[in-house]
1. I need a count of the residues in segment 22-45 that are within 16 Å of the ligand (Cβ to nearest atom) and under 25 Å from T179 (Cα atoms).
2. Among the candidates D17, D41, D84, which residue alone is in a helix (DSSP H, G or I) and over 23 Å from R165 (Cβ atoms)?
3. Kindly indicate whether E176 is farther than 23 Å from A12 by Cα and surrounded by fewer than 18 Cβ atoms within 10 Å (Cβ to Cβ).
4. Given the criteria touching a strand residue (DSSP E or B) at 6+ places or on another chain (Cβ under 9 Å) and among the acidic types (D, E), does D94 qualify?
5. Give the number of residues within segment 79-97 that are in contact with a helix residue (DSSP H, G or I) (Cβ under 6 Å, 6 or more places away or on another chain), among the hydrophobic types (A, V, I, L, M, F, W, C) and within 15 Å of the ligand (Cβ to nearest atom).
6. Which of (1) surrounded by fewer than 20 Cβ atoms within 10 Å (Cβ to Cβ); (2) in a loop (DSSP other than H, G, I, E, B); (3) within 11 Å of the ligand (Cβ to nearest atom); (4) hydrophobic (A, V, I, L, M, F, W, C) is the odd one out, the single condition I131 does not satisfy?
7. What number of residues in segment 134-160 are in contact with a strand residue (DSSP E or B) (Cβ under 8 Å, 6 or more places away or on another chain), near the ligand (Cβ under 9 Å from one of its atoms) and either of a type in the set (V, I, T) or in a loop (DSSP other than H, G, I, E, B) (or both)?
Amino acid sequence: MKVIVDTRENIARLAGDLYSELLAQKPDAVLGFATGSTPLDLYGELIARYNAGQLSFSKVKTFNLDEYVGLEPTHDQSYRYFMDKNLFEKIDLDPANVHIPSGVKIDDETIARYEAAIAAAGGIDMQLLGIGHNGHIGFNEPNTPFGSLTHKVTLTDSTIEANSRFFASRDEVPKEAVTMGIRTVMNARRLVLIALGEGKAQIIRDTVYGPVTENVPASVLQLHPDAYIFADTDAAKYL
Ligand code: F6R
C-alpha cells in the first residue's frame with residue numbers, strides 16, 4: 001500500500017497523473033469511478049486535462065462502484081446523474097461505454113450481469129475509491145464478506161446520516177443500494193483511494209495501521225498489490 005500525504009490540490013494533480021500515465025499506455029483502459037464529494041477535485045482535474053488536449057477518454061470503458069436503489073437515472077441524487085453532470089458530459093467518453101449499476105432493475109440476473117460486464121471488458125485497470133467514516137468502500141458496509149461480488153445492500157444508519165447532506169431530508173435518502181463487492185474492487189489491477197478532511201482521520205488510521213478485518217472494509221487494501229491511499233494532511237492526522 002502506498003500512502004501519499006499532501007494538500008487537497010496536489011492530491012487531485014497527483015491522482016490525475018495516474019490517469020494520464022495509464023491512458024498514455026492504454027487508451028482503452030477500463031476505469032472504475034466513485035461518487036460523493038471526495039472525487040470532485042480529481043474530476044475537475046481530469047476535465048481540465050481533457051480540455052487542454054492532454055487526455056482523451058474516447059476509448060475508455062467505465063464502471064461505477066454503486067447506485068442507490070429506487071432512484072431513476074434522471075433523479076438529481078442518483079449516482080448516474082452525478083457522474084453525467086460532474087464528469088461524463090464534460091469529456092469525450094462514449095455513453096455506450098458507461099456502466100453504472102441500475103437502481104431500478106435490481107433482480108439477481110441484472111446484478112450478476114454487472115459483474116459479468118466487468119469481466120467481459122477485461123477487468124478494471126484502475127478503481128477510484130472514497131471511504132466512509134465507518135470504513136466502507138463502495139457501499140460495502142462493515143462486516144461485508146471480503147469475497148463479495150456486486151450485490152444489493154441495506155445502508156447503515158451512519159451512511160444514511162452522512163449522505164443526508166445531499167438530500168432535502170434524511171427520510172429521502174434511499175435505504176438500499178447496489179454496490180460492487182469487496183472482491184470486485186480487489187480484482188481491479190490498481191486501487192486509488194482518496195480521503196479528505198479530519199472526519200476521515202480515524203478511519204484512515206484504522207485502514208492503514210489496523211488489522212485487516214471485515215469490520216473495517218477499507219483495511220482490505222493492505223492486501224492489494226497496487227493500492228494508493230491519498231490523504232490530505234487533515235485525513236492523515238493520525239498517521
Ligand atoms: C461513492 C461511494 C462511497 C463514498 C464514501 C465517501 O460512490 O462508493 O463509498 O466514496 O461514502 O463519500 P464522500 O466522498 O462524500 O465523503
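Any read-out appearing in this document is the output of simple, stated calculations on the displayed coordinates, not a laboratory observation. Treat the numbers as computed from the prediction; the structure is a model and nothing was measured. All Cβ positions, glycine included, derive from the backbone under ideal geometry; neighbour counts span all protein chains shown.
1. Selection size over segment 22-45: 14.
2. On the way: D41 fails: over 23 Å from R165 (Cβ atoms); D84 fails: over 23 Å from R165 (Cβ atoms).
Selected residue: D17, the only one of D17, D41, D84 that is in a helix (DSSP H, G or I) and over 23 Å from R165 (Cβ atoms).
3. On the way: farther than 23 Å from A12 by Cα: yes; surrounded by fewer than 18 Cβ atoms within 10 Å (Cβ to Cβ): yes.
Against the criterion (farther than 23 Å from A12 by Cα and surrounded by fewer than 18 Cβ atoms within 10 Å (Cβ to Cβ)), E176 qualifies.
4. On the way: touching a strand residue (DSSP E or B) at 6+ places or on another chain (Cβ under 9 Å): yes; among the acidic types (D, E): yes.
Considered against the rule, which asks whether it is touching a strand residue (DSSP E or B) at 6+ places or on another chain (Cβ under 9 Å) and among the acidic types (D, E), D94 comes out as yes.
5. Our first condition is that a residue be in contact with a helix residue (DSSP H, G or I) (Cβ under 6 Å, 6 or more places away or on another chain); within segment 79-97, this holds for 86-87, 90-91.
Checking the rest, the ones that are also among the hydrophobic types (A, V, I, L, M, F, W, C) come to 87, 91.
Narrowing the set further to residues that are within 15 Å of the ligand (Cβ to nearest atom) leaves 87.
Total satisfying the criteria: 1.
6. Among (1) surrounded by fewer than 20 Cβ atoms within 10 Å (Cβ to Cβ); (2) in a loop (DSSP other than H, G, I, E, B); (3) within 11 Å of the ligand (Cβ to nearest atom); (4) hydrophobic (A, V, I, L, M, F, W, C), I131 violates only (1).
7. Of the residues in that region, 3 qualify.
One line per residue, one yes/no per condition, for (1) closer than 20 Å to V185 by Cβ; (2) free of Cβ contacts under 8 Å to residues at least 24 places away in the same chain; (3) touching a Lys or Arg at 6+ places or on another chain (Cβ under 7 Å); (4) in a loop (DSSP other than H, G, I, E, B):
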position	(1), (2), (3), (4)
L22	yes, no, no, no
Q54	no, no, no, yes
F57	no, no, no, yes
T62	yes, no, no, no
P73	no, no, yes, yes
L93	no, no, no, yes
